[in-house]
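What follows is one structure encoded as structure tokens, with my remarks underneath.
The values are calculated or read from the model by the stated rules, or taken from the named source; none is laboratory data. Everything numeric in this text was worked out from a predicted model, so none of it was measured. Note that each Cβ is placed from the backbone with ideal geometry, even for glycine, and that neighbours are counted across all protein chains shown.
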Amino acid sequence: MSRFSLYTVVTIFYLGLNVFPVQSESAPPTAEQEKFFETRIRPVLAESCYECHGPKKQQAGLRVDHRQFLIKGGETGSVLTPGKIDESRLWAVLQHDPLDTQMPPDGKLADQVLADFKVWITMGAPWPESDLPKVTEQGQDTAWKSHWAYQPVTRPEAPAIDDSDWPVNEIDRFVLRKLREQKLSPSDQADRETLLRRLKFDLVGLPPTYEELQAFKNDTSPEAYARWVDRYLASPHFGERWARHWMDVSRYADTKGYVFQEDRNYPDAWRYREWLIDAFNNDLPYDQFVVRQLAADQASEDENDLHAMGFLTLGRRFLNNRHDIINDRIDVVTRGLMGLTVACARCHDHKYDPVPTADY
């Protein structure tokens, strides 16, 4: 035969004989309809569609692992009108029209499979109701609301510790409670040499000199430790050490990555690095630290603050692909400041992120 196989003709002939009558909206599918779905339709959906439109990923907001999701549709609306082949977007995209969306994207389904889908849609797209995936009443896109990361910040009450003088602040009370739960006890107080080494490594990133160690060991006043904390906080090396951590967040680099038609270097990248060091050393408030890196050109009259926008403008250039550059900037803002992997929403929704592809 020409375009359609004998299998296709026989299937359509059966449809005409009402072997598979149209499913009523209120009636459950018959045993024959369920068998047809389970053997002819579901395996194709699972193999060709679930990777991009299944429970873990819903590209364009569309999920196809249940009839109700197909009827609800995604960003462009419903893709299935049971019993009406010409009104079902699903059927249209399966045709691989060169002027239309083509699904699956890696190749058109075989003629016999397309005939099965036509039969299935025409009979009312039967699907076992017992097979409905577990989702919230509002839909899966609200699952993030119960995730721990999006709960309001609260101040927990410090546990009462009445039989120990070890805690010197509320944080110590939480530490001591956990130690006791594990049947552990606090370590002994560090000697003064070890204490100063820990302090300077933490704040400055360098070991104390011999003279500093001797001075601290000989200073027995109760305020000695606090004075050395202030001393290291006032050191210019403090900003150098802690700016390095933020440079990791802001994906600082002196080069643009792979570019072949221009200089790969950022000749002025160091200006952003110096601005960060000064911000830490001058104890710049965090809100201003953030605002200036995102919008110094709009929010600051100090021209030196323009260097802060290296937070956005540095980073890879992706062969100057504008969309990849924008995606990289969205990523550094949301991951660096919000703890959200919003760049993933460029292609698909996440179960537990409140930013869908549509908002991206």
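Values for this structure:
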quantity: Qualifying residue in the stretch 300-308 (condition: within 17 Å of R251 (Cα to Cα), among the aliphatic types (A, V, I, L, M) and surrounded by 13 or more Cβ atoms within 10 Å (Cβ to Cβ)); calculated: yes
quantity: Subset of the stretch 220-250 [outside the structural domain of A269 (by TED's automatic domain parsing) and basic (K, R)]; calculated: R227, R231
quantity: The one condition in (1) at pLDDT below 85; (2) hydrophobic (A, V, I, L, M, F, W, C); (3) on the phi > 0 side of the Ramachandran plot that A125 fails to fulfil; calculated: (1)
quantity: Flag if A160 is part of a loop (DSSP other than H, G, I, E, B) and modelled with pLDDT of 90 or more; calculated: yes
quantity: Unmet requirement for E301, which otherwise passes all of (1) free of Cβ contacts under 8 Å to residues at least 24 places away in the same chain; (2) outside any loop (DSSP other than H, G, I, E, B); (3) not β-branched (V, I, T); calculated: (2)
quantity: Condition broken by W228, with the remaining ones in (1) more than 17 Å from N282 (Cβ to Cβ); (2) without any contact (Cβ under 8 Å) to a residue 12 or more places away in the chain; (3) in a helix (DSSP H, G or I) satisfied; calculated: (2)
quantity: Criterion: within 12 Å of A243 (Cα to Cα) and assigned by TED's automatic domain parsing to the domain that holds E240 - qualifying residue of Y286, Y272, Y258; calculated: Y272
quantity: Close pairs (6 angstrom Cβ cut-off, 6 or more residues apart or separate chains): within 15 Å of R346 (Cα to Cα) in the stretch 58-81, buried (at least 16 other Cβ atoms within 10 Å of the Cβ) and of a type in the set (D, E, K, R) anywhere; calculated: Q58/D349
quantity: Conditions (1) within 23 Å of M123 (Cα to Cα); (2) outside any loop (DSSP other than H, G, I, E, B); (3) at pLDDT 90 or above; number of the one not met by H96; calculated: (2)
quantity: Residues that are over 13 Å from L195 (Cβ atoms) and either in contact with a Gly (Cβ under 8 Å, 6 or more places away or on another chain) or in a helix (DSSP H, G or I) (or both), drawn from the stretch 205-214; calculated: Y210, E211, Q214
quantity: Subset tally (residues that are free of Cβ contacts under 8 Å to residues at least 24 places away in the same chain and surrounded by fewer than 18 Cβ atoms within 10 Å (Cβ to Cβ)) for the stretch 345-360; calculated: 2
quantity: V332 being in a helix (DSSP H, G or I) and either among the aliphatic types (A, V, I, L, M) or touching a Pro at 6+ places or on another chain (Cβ under 9 Å) (or both); calculated: yes
